[in-house]
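The values are calculated or read from the model by the stated rules, or taken from the named source; none is laboratory data. Predicted model only: the values in this text are computed from it and were never measured. Every residue, glycine among them, receives a Cβ derived from its backbone with ideal geometry; neighbour counts consider all protein chains shown. Each accessible area value is taken on the protein alone, full model and side chains, heavy atoms only, with ligands, DNA and RNA left out. Shrake-Rupley method; radii C 1.70, N 1.55, O 1.52, S 1.80 Å.
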Amino acid sequence: TILVRPPSRLAAAEAVVRSTRGIVALGRPRVLPGAAILTATLAGAPSGRLAASTVASLQRRLDEAVGPRTLVGGETATDLDLHAAAVHDTERVLPVILLVVLVVLGILLRAVVAPVVLAASVLFSYAASLGVSALVVTHLFHFPGFDPTVPIFGFVFLVALGVDYTVFLASRAREETARCGATRIGMARSLEATGPVITAAGVVLAATFAALAVLPLVALTEVGFLVAFGVLLDTFLVRSVLVPAVGSALGERFWWPTRPARQASVPPEG
């Protein structure tokens, strides 16, 4: 559906529509007070790539030939606008979320290196989950692809949940490092103390989000699987293996520029 304003530009709009590749038919126009309406038929399915490229080309050509007040509607145009809005939000919301996470972790741990490592682990978990989910959605669920809102919703959920586990593990590791005087031992003790809690919370959350996968809505199914898989990955691999290993390998540099061992108020053990 094409809304032409003013109606005097109807002939120019019809010429643009007829000359646009991917449009196979053009209905008779309806002239209303202040506007005219055209109905065009696309060659491909409304959700296909051919339709998307056709509508994008039509919007651009109508803006140039008729003016920006000419609007293109319909399912394909709506999907294009939703995709553009999702890309816009992703480019702006994701950096803000990561910045907030870095600031909170920096204040909590009184360090620079540790927050950067932990934020990178969250990004790693999200990227891996998104990649596996893309394969599952395409080859197992046989969906044409992700809903445009799925990546940003998945990022918000996974970062929020991943940071929760990070706070549990890293804050306890700092306390244990201050007690024993060694980051490696502090990480091991922190994992021993918080591991059962993190694992239980991860399993419960994954089961909760997995329930979304049975709903008859593509977007909710994709979000449910993405978050459920990401939580399990974060629980059993990232938070239980990767982060403790990196922290142990970095040693005292993990807490730079502070040194928890030097602030110990409890005599070293063992």
Filtering region 91-109 down to residues that are open to solvent by 30 Å² or more (accessible area, probe 1.4 Å) and of a type in the set (V, I, T) yields V93, V96, I97, V100, V103, V104, I107
All-but-one check, L38 against (1) touching a Pro at 6+ places or on another chain (Cβ under 7 Å); (2) open to solvent by 60 Å² or more (accessible area, probe 1.4 Å); (3) not small (G, A, S), failing number (2)
Restricted to region 41-70 and to residues being open to solvent by 60 Å² or more (accessible area, probe 1.4 Å) and in contact (Cβ under 8 Å) with a residue 60 or more places away in the chain, the residue nearest to the chain's Cα centre (by Cα) is S47
Of the residues in region 5-35, those that are among the hydroxyl-bearing types (S, T, Y) and either open to solvent by 50 Å² or more (accessible area, probe 1.4 Å) or over 27 Å from H83 (Cβ atoms) (or both) come to S8, S19
Expected output for region 1-16 (first residue among the polar types (S, T, N, Q), partner crowded, with 18+ Cβ neighbours inside 10 Å and assigned to a helix (DSSP H, G or I), Cβ below 9 Å, 6+ apart or cross-chain) is T1/A77
Scanning region 110-151 residue by residue, the ones that are in a helix (DSSP H, G or I) and either closer than 30 Å to T78 by Cβ or open to solvent by less than 40 Å² (accessible area, probe 1.4 Å) (or both) total 24
Inset, instruction - Might you check whether a residue that is farther than 24 Å from T149 by Cα, assigned to a helix (DSSP H, G or I) and of a type in the set (D, E, K, R) occurs anywhere in region 43-50? - result: no
* **Qualifying residue in region 192-215 (condition: β-branched (V, I, T), open to solvent by 70 Å² or more (accessible area, probe 1.4 Å) and closer than 18 Å to F141 by Cβ)** => yes
